[in-house]
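Below is one structure, written out as structure tokens; the observations come after it.
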Amino acid sequence: IITTALIPGKRAPLLITRAMVDSMRAGSVIVDLSAEAGGNCEYTQPGKVVATPGGATVIGYTDLPSRMATQSSTLYSNNITKFITALGPFTTQKKGEFLVDFASDPVIRGALVLDAGQLMWPPPPPPAVPAAKPKEPVGEKTDAPIDLLPATRRNAYVTAGALGGLLAVGAAAPNPAFSSMLTKFGLASICGYQTVWGVTPALHSPLMSVTNAVSGLTAVGGMMLAGGGVFPHDTAQALAATAVFTSAINIGGGFTITQRMLDMFRRPTDPVEHTQLYGIPAAVLIGGGGLLTLATGGSAGVTSAAYLASSGLCIAAIACLAHQSTARTGNALGLIGVTSGLAAALGTMSCSAGTYVQTLALLGGGIGLGTYVARTMKITDLPQMVAGFHSLVGLAAAAASIGMVMQLGAPAEFAALDGVHRTTAFLGDVIGAITLTGSAVAFGKLHGLLPSKPLNLPYKNQINLALLAGNVLAGITFLATKDPSTGMAALWAAAILAGAKGWHLTSSIGGADMPVVITLLNSYSGYALCAEGFMLNNDLLTTVGALIGSSGAILSYIMCAAMNRSLPNVIFGGYETAHKGVQADHQPKVVGHHQEIDTAGSAEALLTARKVVIVPGYGLAVANAQYAVAELVKSLRARGVEVKFGIHPVAGRMPGQLNVLLAEAGVPYDIVHEMDDINEDIEECDVCLVMGANDTVNSAAVEDPASVIAGMPVIEVWRARQVIFCKRSMGAGYAGAENPVFYKPNTWMLLGDARATCDALLAKVTTMTTHA
């Protein structure tokens, strides 16, 4: 504020009282030009600068005219310096070398008078701009209808191939039971497709953990093969016990961590829920099924009905994740479905009392261990824990597949095993081994036990092809031989080769591509469960496996679409191979000057804004800064600022990770929006605060067709009135593409450690809010 009020021959009128100044925001400045006559501000002291208790500054200089010469000289010298440096020091890119670039810069040429003693004035006239061709009159549109022949023909060929393949599988079916399971597999895949597409992106992390828990039904395969009494007596029984125990860890851990996440999303105003009442239908299903099994002597009809109920409850669990209001109900239904499936499997075991004791002890111990891990883990460790649980499902599937073939000890029994069951046993073994080692590597990368950067071995694609060829050879041997020893050797060899393939594929993928890897491994675990179901003629495993497999496949597609990349591109190297070479050799370097801002300026911008959008990235999760951000949002909303969050689908190391972190810190889920929704409102935003994100907000994806990330959907933060980047450095993101947004005129860089910067920004906003 500048005051100038004077009354000739009298004291300057008092216009600004102490109370008025105390109500001003910290950092405000009053310049009182009437100070010599007493001043217009009650705080003014002639000839002095006064700092008020509220953080405002009152300037009462009485010698401002004498100060103007110094100020004017400084400003003029700065202008001359800027003008000279703008003439050419950057044209040669060599320190200490000066070149006036008038040949290619018409603005500099127009300012040049002499060059090496030669008169250069006046400059030549600018080249004439050719006149635009007059537009031809537009007549009526005569465009013919779009011909859909190519698309329709392609879809027709794909449909014909799928139907033909289905008929071929039906022709190879060894019995009607297999055909029935194939039908259920197809229907379950369709159900999974429909239900997963309905899940809100904010709940993708709970979706992953629920399907993880449901995939623990691989325990059923181990239960069907269990034996030996209280302790296993041979290798096959030990493998079965391993499958039961590792699957139980998944069940306990998966449902517990899902409940933890869903409780974080709960708001104080949400309706009071009573999900414990679902214990009533659980008691009816499990207790009633047990009584009917005893009464009918183990009727197959009762078991089939129980499996149907279990499958339906698992499908309903995923369907309930479509909305926050029903998500916790979904977790309860999934728990009932898995528990009833295990109870039905116990009723069909027909084994000794000792084996029942062994099975129940393994189930109880595994569920207890999984529950303990899920309750004590940090929520920031969620991605690696999901990957770790996936590895247990892979181990269980591979163990059950090998154990089933081992139990066919007699050569006649092994020789009688039909080709379909041999194929499913082999697939369960291979998919399980890939899931085991791939998930273990993903866990190591995410937990910091292994380097996050991709492993680039020489001839890595040839290594993958060699491992695939080895698996194919082992599979042919297993399918063709009638000798149990040769078959078991082939099965073990396939497991080792598949494990090596899973290790190498996942090791060759960088940490930022882990969202796709985790969803793909989730899909693998489902199809491993499916193969186990076909192998054991178990409808429950087939149905639930198809559900989980389609769930992981759809999430993988969503993640790839969010990066504008294909699944093979991610799996076989992605940005680390061809893209980085293209970026370095052919893409122009982004040049320009960036503007920096401090925490005080950032806090001022946030507090004076009406609408603020915060776009978090993986850097926020790494810095564990979600709590400071939540407090910052609380302070801004208390001042009447409208705050929203914009979340990119791949902002994190697994789908929905940042939604969970923000919910853990207390951010209401109704102000957290997805990319498409926030892009619609971004132009109305006064300040967009980007915290730890880069590639997901890179304008090159939209503006530069030659960019490595061209076509990738991004949050278009540059369309906001002002953008503040909270970032450690000016470095490029994971894709290696420089970000032109850094150099746009409405962008300011708040550089520094994310956690320290967030804490400092929160402290500054709190201080300024308190003084206001």
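The values are calculated or read from the model by the stated rules, or taken from the named source; none is laboratory data. The structure presented is a predicted model; accordingly, all values stated were derived computationally and were not measured. Using ideal geometry, Cβ is built from the backbone for each residue, glycine included, and neighbour counts are taken over all protein chains shown. Only protein heavy atoms, including side chains, enter the accessible area calculation; ligands, DNA and RNA are left aside. Shrake-Rupley method; radii C 1.70, N 1.55, O 1.52, S 1.80 Å.
Residue-level check: of (1) in a loop (DSSP other than H, G, I, E, B); (2) modelled with pLDDT under 85; (3) more than 20 Å from ASP695 (Cβ to Cβ), THR770 misses just (1). With VAL210, VAL284 as the choices, which residue is β-branched (Val, Ile, Thr) and within 16 Å of LEU382 (Cα to Cα)? None of the other options fit; the residue is VAL210.
In the range 694-702, the condition of being more than 25 Å from GLU596 (Cβ to Cβ) and either touching a residue at least 40 places away in the same chain (Cβ under 8 Å) or of a type in the set (Asp, Glu) (or both) is met by no residue. Six or more apart or on different chains, Cβ atoms under 9 Å: show the pairs whose first residue is in the range 14-28 and closer than 20 Å to THR4 by Cα and whose second is open to solvent by 90 Å² or more (accessible area, probe 1.4 Å) and at pLDDT 90 or above. Here the result reads ILE16/ILE1; MET24/ILE1; SER28/ILE1, each pair linking the range 14-28 to a residue that is open to solvent by 90 Å² or more (accessible area, probe 1.4 Å) and at pLDDT 90 or above. If you filter the range 193-218 down to residues that are out of contact with any Phe, Trp or Tyr (no Cβ under 9 Å at 6 or more places or on another chain), within 30 Å of LEU239 (Cα to Cα) and not β-branched (Val, Ile, Thr), you find that the one that is surrounded by the fewest Cβ atoms within 10 Å (Cβ to Cβ) is LEU207. Taking the range 339-362 as the range and being of a type in the set (A, V, I, L, M), surrounded by fewer than 23 Cβ atoms within 10 Å (Cβ to Cβ) and in a helix (DSSP H, G or I) as the test, the residues that pass are ALA343, LEU346, ALA353, VAL357, LEU360, ALA361.
Annotation note: Cβ proximity below 7 Å between a residue of the range 267-296 that is of a type in the set (Asp, Glu) and exposed (fewer than 14 other Cβ atoms within 10 Å of the Cβ) and a residue that is part of a loop (DSSP other than H, G, I, E, B) and modelled with pLDDT of 80 or more (sequence gap 6+ or interchain) occurs for no pair. ALA474 passes every criterion in (1) under 28 Å from VAL244 (Cβ atoms); (2) open to solvent by 30 Å² or more (accessible area, probe 1.4 Å) apart from (2). Taken as a whole, the structure places GLY9 among residues that are surrounded by fewer than 12 Cβ atoms within 10 Å (Cβ to Cβ), more than 49 Å from the chain's Cα centre (by Cα) and either touching a residue at least 40 places away in the same chain (Cβ under 8 Å) or part of a loop (DSSP other than H, G, I, E, B) (or both).
Residues in the range 535-546: is at least one open to solvent by less than 10 Å² (accessible area, probe 1.4 Å), assigned to a helix (DSSP H, G or I) and closer than 15 Å to GLN194 by Cα? Checked against the condition, which is being open to solvent by less than 10 Å² (accessible area, probe 1.4 Å), assigned to a helix (DSSP H, G or I) and closer than 15 Å to GLN194 by Cα, the range 535-546 yields at least one hit.
Scanning the range 482-527 for residues that are farther than 25 Å from GLN462 by Cα and of a type in the set (Lys, Arg) yields a single hit, LYS482.
Selection of first residues in the range 662-684 that are crowded, with 16+ Cβ neighbours inside 10 Å and of second residues that are of a type in the set (Gly, Ala, Ser) and in a loop (DSSP other than H, G, I, E, B), restricted to Cβ pairs under 7 Å at least 6 apart or on distinct chains, gives the following pairs, ordered by first then second residue: ILE682/ALA720.
When THR696, THR608 are checked against the criterion of being at pLDDT 85 or above, of a type in the set (Val, Ile, Thr) and open to solvent by 20 Å² or more (accessible area, probe 1.4 Å), THR608 stands alone in meeting it.
Kindly indicate the residue of the range 12-60 that is assigned to a helix (DSSP H, G or I) and open to solvent by less than 60 Å² (accessible area, probe 1.4 Å) and also farthest from THR767 (Cα to Cα) among those meeting that condition. For the range 12-60, the residue satisfying everything is ALA37.
The set of residues in the range 636-661 that are over 20 Å from ALA720 (Cβ atoms) and more than 12 Å from the chain's Cα centre (by Cα) contains only ALA638. In the condition set (1) touching a residue at least 24 places away in the same chain (Cβ under 8 Å); (2) open to solvent by 30 Å² or more (accessible area, probe 1.4 Å); (3) in a helix (DSSP H, G or I), SER485 is compliant with all but (1).
Scanning the range 430-468 for residues being of a type in the set (Val, Ile, Thr) and either surrounded by fewer than 21 Cβ atoms within 10 Å (Cβ to Cβ) or farther than 28 Å from GLY652 by Cβ (or both) gives a total of 2. Of all the criteria given as (1) open to solvent by less than 50 Å² (accessible area, probe 1.4 Å); (2) at pLDDT below 85, the one not satisfied by GLU703 is (1). Report whether or not PHE389 is within 30 Å of GLY656 (Cβ to Cβ), open to solvent by less than 40 Å² (accessible area, probe 1.4 Å), of a type in the set (Phe, Trp, Tyr) and out of contact with any strand residue (DSSP E or B) (no Cβ under 6 Å at 6 or more places or on another chain). Yes, satisfied.
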